[in-house]
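Trainee: Before we start, here is the structure in question, set down as structure tokens.
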Amino acid sequence: MTYCVGIKVNEGLVLASDSRTNAGVDLVSIFRKMFVFDRPGDRMFALLTTGNLSVTQSVVSILSRRFGDTGAVHDLTAAGSMYDAACIVGNVMREVQDRDGPAIRTVGVDSGASVIFAGQVRGDEARLYQIYTPGNFVEATPETPYFQNGEVKYGKPVLDRVIRPETSLIDAAKCALVSFDSTMRSNMSVGPPIDVLLYRTDTFEIGHRASLEADDPYFSALSAKWSESLNRAFLSVEDPDWPI
């Protein structure tokens, strides 16, 4: 399993993904799921991939090969807006599914894949999309300012409670890490390294990018503090007045 989250706030974008891929308890591998395509000063795109690994690797390879190739179709450098860029990623997803999907399914394997796609093109605002297996997509809104893929249920409550458009970029990043900590505590198929990217609106370049190992000092401290704070909050709640 895997876990990815993309967050859009007024100040910018936060993206985070784990790096664990497993096909059973005895076959666990490390594969990065975060990919960046950028031209500093003009555009920045980031993808978080989940689902069939061969499909997502093909999608990323095609986008990479065509990036900056002015004669190629589906070149992200030719996108005039984030909507156009999301269409390009969706079209490449559809291209790979049309090519490989039928053969993959004949052996009983799911060819499904999805992408959290985020970024900004000069002249457009920063945007966040969820792109599905057929290449269709939806955009994050002020009412739904984040997307998750993979093992989503454990890390969702803190996102629902904390993330708002006015949440600061650094608080959104902290919330994403708490979401990962909650997920990793309840599901062993999600694990480090955790790749994290922060993008500040209208900068057109990555603000911060890091890969956090299990023993990362900040992540370890955050995990301990969050657990301690939850227990303290729980104990502070009045007991129900029930006869027992």
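Trainee: Between residue 61 and residue 152, how high is the FRET efficiency from 1/(1 + (r/R0)^6) when r is the Cβ-Cβ distance and R₀ = 25 Å? Nearest 0.05. Can you show the working numbers first?
Mentor: Numbers: r = 26 Å, r/R0 = 1.05.
Here the calculated transfer efficiency is 0.40.
Trainee: What does the extension gain come out to for residue 70 and residue 98, with contour length at 0.36 nm per residue minus their alpha carbon separation?
Mentor: Working: separation 28, 0.36 × 28 = 10.08 nm, distance 2.41 nm.
Gain in length upon complete extension: 7.7 nm.
Trainee: Moving to a separate point now. Contour minus end-to-end for residue 109 and residue 211, with contour as 0.36 nm per residue of separation and end-to-end as the Cα-Cα distance?
Mentor: Values: separation 102, 0.36 × 102 = 36.72 nm, distance 3.06 nm.
Here the answer is 33.7 nm.
Trainee: Tell me, what is the FRET efficiency for residue 144 and residue 244 to the nearest 0.05, using R0 = 41 angstrom and their Cβ-Cβ distance as r?
Mentor: Details: r = 41 Å, r/R0 = 1.01.
For residue 144 and residue 244, the calculated efficiency is 0.50.
Trainee: At R0 = 51 Å, how high is the FRET efficiency between residue 227 and residue 39 if r is their beta carbon distance? Nearest 0.05 is fine.
Mentor: 0.75
Trainee: I would also like to ask the following. For the chain, with the dipole built from +1 on Lys and Arg beta-carbon atoms and -1 on Asp and Glu ones, taken about the Cα centre, which of 77, 173, 147 lies farthest toward the positive end?
Mentor: Checking the options against the dipole of the chain, the answer is 77.
Trainee: Could you list 111, 182, 168 in order of exposure, starting from the residue whose Cβ has the fewest other Cβ atoms within 10 Å?
Mentor: Arranged by neighbour count, lowest to highest, 111, 182, 168 become 168, 111, 182.
Trainee: Using Cβ counts within 10 Å as a stand-in for footprinting exposure, how do 20, 99, 200 rank, fewest first? Kindly include the intermediate steps, with their values, before the conclusion.
Mentor: Numbers: 20 22, 99 11, 200 16.
Lowest to highest Cβ neighbour count: 99, 200, 20.
Trainee: How long is the gain from residue 91 to residue 236 if the chain were fully straight, where each residue apart is worth 0.36 nm and the alpha carbon distance is subtracted?
Mentor: Working: separation 145, 0.36 × 145 = 52.20 nm, distance 5.22 nm.
Result for the pair: 47.0 nm of gain on full extension.
Trainee: Could I ask something else about it? Where does the charge balance sit around residue 120 when Lys and Arg score +1, Asp and Glu -1, over other residues with C-beta under 15 Å from its C-beta?
Mentor: Working: positive: 8, 39, 43, 122, 127, 200; negative: 11, 38, 42, 84, 124, 125, 139, 202, 205.
Overall, the nearby charge balance is -3.
Trainee: Of 116, 163, 62, how do they rank once you tally other Cβ atoms within 10 Å and put the fewest first?
Mentor: On the way: 116 28, 163 22, 62 18.
By the 10 Å Cβ count, ascending: 62, 163, 116.
Trainee: Still on this structure, I have one more. Can you compute the charge dipole magnitude of segment 3-236 about its Cα centre, using +1 on each Lys and Arg Cβ and -1 on each Asp and Glu Cβ, nothing else charged? Give it in debye, rounded to the nearest 20.
Mentor: Details: 23 positive and 28 negative charges, 52 e Å.
Approximately 240 debye in magnitude.
Each reported figure results from applying straightforward, stated rules to the coordinates on display, with no laboratory input. Not measured: the values here are computed from a predicted model. Because the Cβ atoms are built from the backbone with ideal geometry, glycine has one as well, and the counts that use them run over all protein chains shown.
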